[in-house]
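S.K.: Sharing a structure with you now.
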Amino acid sequence: MSEKNMTLKDGNIKSLLLKYSIPAIISMLVSALYNVVDRIYIGNMPDVGTLAITGVGVTLPLANIVLAFSMLIGIGATANISIKLGEDKKRDAEKIVGHIITLSMILGIGITILGTLFMEPILKSFGASDITFKYAKDYISIILYGTVFNIMGYALNNIIRADGSPKICSAIMVFSCLVNIILDPIFIFALNLGVKGAAYATIFSQIVTLVLSYAYFKSKRSDLKIKKEYFSLDLNIIKLILSIGISPFVMQLATSMVQVINNNALKTYGGDLAIGAMTTVNAVALLCFMPVYGISQGAQPVIGYNYGAKQFDRMKEALKISMGVGTLIFL
């Protein structure tokens with residue numbers, strides 16, 4: 001058993017929650033801040049900024065559907081890896097890591113193909129008007145080609161936290177977001193790519209997340225390794241991943257559907273500018289929710305590991321503390 005796992009098994013629960021949650025909160029806040037900065041850049045595009053930000057707002061439900069699939073396998077795999085490590089079944093944990101690579105490829109390619117083929121009816125149903133459709137298409141047509149990087153990078157980065165390295169996990173996310181923030185004005189204004197520039201910057205940051213996360217598992221810091229022999233899919237492992245991942249998947253899909261309804265209502269009663277305004281408001285509102293998301297992500301490895309180790313008292317303590325702190329934040 002590694003030193004990191006021994007800490008999860010025997011360490012003080014409050015200290016562990018701080019150790020895992022604070023880096024997660026920081027990375028989530030930086031991610032939310034990126035969304036705000038991104039909207040500022042797009043909104044300040046000469047002459048077309050207001051319509052461009054509306055076009056991006058129309059694509060958010062589709063982006064959230066992609067995120068839903070990322071959470072389906074990412075959260076599902078991370079939770080099961082924590083449990084397997086708690087059971088001292090490292091080989092089974094590495095099998096799950098291998099499955100992430102294959103599942104990310106299958107889902108990413110499938111979503112890219114379907115999204116590209118049915119882009120026009122999807123965007124129209126999501127609230128795009130004849131005026132804003134061009135900007136929505138320019139943005140999402142590029143974002144879709146990064147779906148594989150998005151899903152795989154999200155999943156592998158989450159697993160780093162389960163492997164006992166929350167600071168590295170968060171550092172990768174913060175660095176990727178900063179890369180995105182730096183590239184946005186270069187692509188949007190200096191290279192005069194407009195909305196397409198924002199999409200290219202996003203894909204580049206997703207590639208950075210994936211490359212750095214993959215490099216971690218090839219380094220000496222990682223107890224878990226990515227092994228080609230585990231890329232072949234096993235139905236039992238897929239069921240394990242889906243059994244836990246299905247809950248956040250459905251919740252994220254519900255969020256996407258709410259956005260679709262809101263976009264169409266705003267389009268009917270407020271026009272394109274109302275969708276753009278709501279897009280900006282949602283980006284700022286995310287800042288309020290990120291601390292709780294960070295606590296949730298930080299608590300997951302602690303809860304999962306101790307559940308696998310059958311230390312249910314420690315598991316319940318971690319759950320109660322994280323739920324209590326999350327509730328206090330929203331009071």
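S.K.: When the residues of region 126-150 are narrowed to those that are assigned to a helix (DSSP H, G or I) and either without any contact (Cβ under 8 Å) to a residue 24 or more places away in the chain or open to solvent by 60 Å² or more (accessible area, probe 1.4 Å) (or both), which ends up farthest from Ala63 (Cα to Cα)?
M.R.: It comes out as Lys134.
S.K.: Turning to a different aspect of this structure: Could you list, in sequence order, the residues of region 193-206 that are open to solvent by less than 60 Å² (accessible area, probe 1.4 Å) and either closer than 20 Å to Ser27 by Cα or part of a helix (DSSP H, G or I) (or both)?
M.R.: If the condition is that a residue be open to solvent by less than 60 Å² (accessible area, probe 1.4 Å) and either closer than 20 Å to Ser27 by Cα or part of a helix (DSSP H, G or I) (or both), then Val195, Gly197, Ala198, Ala199, Ala201, Thr202, Ile203, Ser205, Gln206 are the ones that fit.
S.K.: Name the one entry in Ile22, Ile100 that is assigned to a helix (DSSP H, G or I) and open to solvent by less than 30 Å² (accessible area, probe 1.4 Å).
M.R.: Residue meeting the stated conditions: Ile100.
S.K.: Follow-up. Output yes when any residue across region 152-171 is hydrophobic (A, V, I, L, M, F, W, C) and over 18 Å from Ile101 (Cβ atoms), and no when none is.
M.R.: Yes: one or more hits.
S.K.: Next question, about the same structure. Return yes when Asp272 is surrounded by 14 or more Cβ atoms within 10 Å (Cβ to Cβ), out of contact with any Gly (no Cβ under 7 Å at 6 or more places or on another chain) and over 16 Å from Ile81 (Cβ atoms) and no when it is not.
M.R.: Yes; evaluated as a whole, the condition is true for this residue.
S.K.: Same structure again: When you go through Ala299, Ala285, Ala274, Ala309 one by one, which is the residue that is farther than 17 Å from Ala128 by Cβ and touching a Lys or Arg at 6+ places or on another chain (Cβ under 9 Å)?
M.R.: Criteria check complete, one pass: Ala309.
S.K.: What are the pairs with Cβ atoms under 8 angstrom where one residue, in region 54-67, is more than 15 Å from Met119 (Cβ to Cβ) and the other, located anywhere, is assigned to a helix (DSSP H, G or I) and acidic (Asp, Glu)? Sequence gap at least six, or different chains.
M.R.: Thr54/Asp272
S.K.: Here is a list of conditions, (1) within 21 Å of Thr147 (Cα to Cα); (2) open to solvent by 10 Å² or more (accessible area, probe 1.4 Å), and Ala68 meets all of them except one; can you say which number that is?
M.R.: Unmet condition: (2).
S.K.: If you take the residues in region 256-269 that are of a type in the set (Val, Ile, Thr) and open to solvent by 70 Å² or more (accessible area, probe 1.4 Å), which one is farthest from Ile96 (Cα to Cα)?
M.R.: Residues of region 256-269 that are of a type in the set (Val, Ile, Thr), as a first pass: 258, 260-261, 268.
Pick out the ones that are also open to solvent by 70 Å² or more (accessible area, probe 1.4 Å) and you get 258, 261, 268.
On the way: Val258: 32, Ile261: 36, Thr268: 46 Å.
Going through the qualifying residues, I end up with Thr268.
S.K.: What do you reckon, is Ala274 in contact with a helix residue (DSSP H, G or I) (Cβ under 7 Å, 6 or more places away or on another chain), in contact (Cβ under 8 Å) with a residue 60 or more places away in the chain, assigned to a helix (DSSP H, G or I) and hydrophobic (A, V, I, L, M, F, W, C)? Full working, then the answer.
M.R.: On the way: in contact with a helix residue (DSSP H, G or I) (Cβ under 7 Å, 6 or more places away or on another chain): yes; in contact (Cβ under 8 Å) with a residue 60 or more places away in the chain: no; assigned to a helix (DSSP H, G or I): yes; hydrophobic (A, V, I, L, M, F, W, C): yes.
No.
S.K.: Looking at region 46-76, which of its residues are among the hydrophobic types (A, V, I, L, M, F, W, C) and over 25 Å from Asn264 (Cβ atoms)?
M.R.: Leu72, Ile73, Ile75
S.K.: Within region 305-331, can you find the residues that are among the aliphatic types (A, V, I, L, M) and either under 17 Å from Ala24 (Cα atoms) or part of a helix (DSSP H, G or I) (or both)?
M.R.: Correct list: Met315, Ala318, Leu319, Ile321, Met323, Val325, Leu328, Ile329.
S.K.: A follow-up question, please. So which residues in region 1-19 are open to solvent by 20 Å² or more (accessible area, probe 1.4 Å) and at pLDDT 85 or above?
M.R.: Across region 1-19, the qualifying residues are Asp10, Asn12, Lys14, Ser15, Leu18, Lys19.
S.K.: Here is a follow-up. If a residue must be open to solvent by 70 Å² or more (accessible area, probe 1.4 Å), of a type in the set (D, E, K, R) and within 20 Å of Lys19 (Cα to Cα), how many such residues does region 278-331 contain?
M.R.: Here the count works out to 4.
S.K.: Considering only residues that are surrounded by 12 or more Cβ atoms within 10 Å (Cβ to Cβ) and of a type in the set (D, E, K, R), which ones fall in region 211-255?
M.R.: Arg221, Asp223, Lys225, Lys227, Asp234, listed by residue number.
S.K.: Given the structure, is Thr78 under 15 Å from Arg161 (Cα atoms), in a helix (DSSP H, G or I), within 18 Å of the chain's Cα centre (by Cα) and among the polar types (S, T, N, Q)?
M.R.: Working: under 15 Å from Arg161 (Cα atoms): yes; in a helix (DSSP H, G or I): yes; within 18 Å of the chain's Cα centre (by Cα): yes; among the polar types (S, T, N, Q): yes.
In short, yes.
The values are calculated or read from the model by the stated rules, or taken from the named source; none is laboratory data. Keep in mind the model is a prediction, meaning the values are calculated, not measured. Cβ: placed from backbone, ideal geometry, glycine included. Neighbour counts: every protein chain shown. Just the protein is used for accessible areas: all its heavy atoms, side chains included, with ligands, DNA and RNA removed. Shrake-Rupley method; radii C 1.70, N 1.55, O 1.52, S 1.80 Å.
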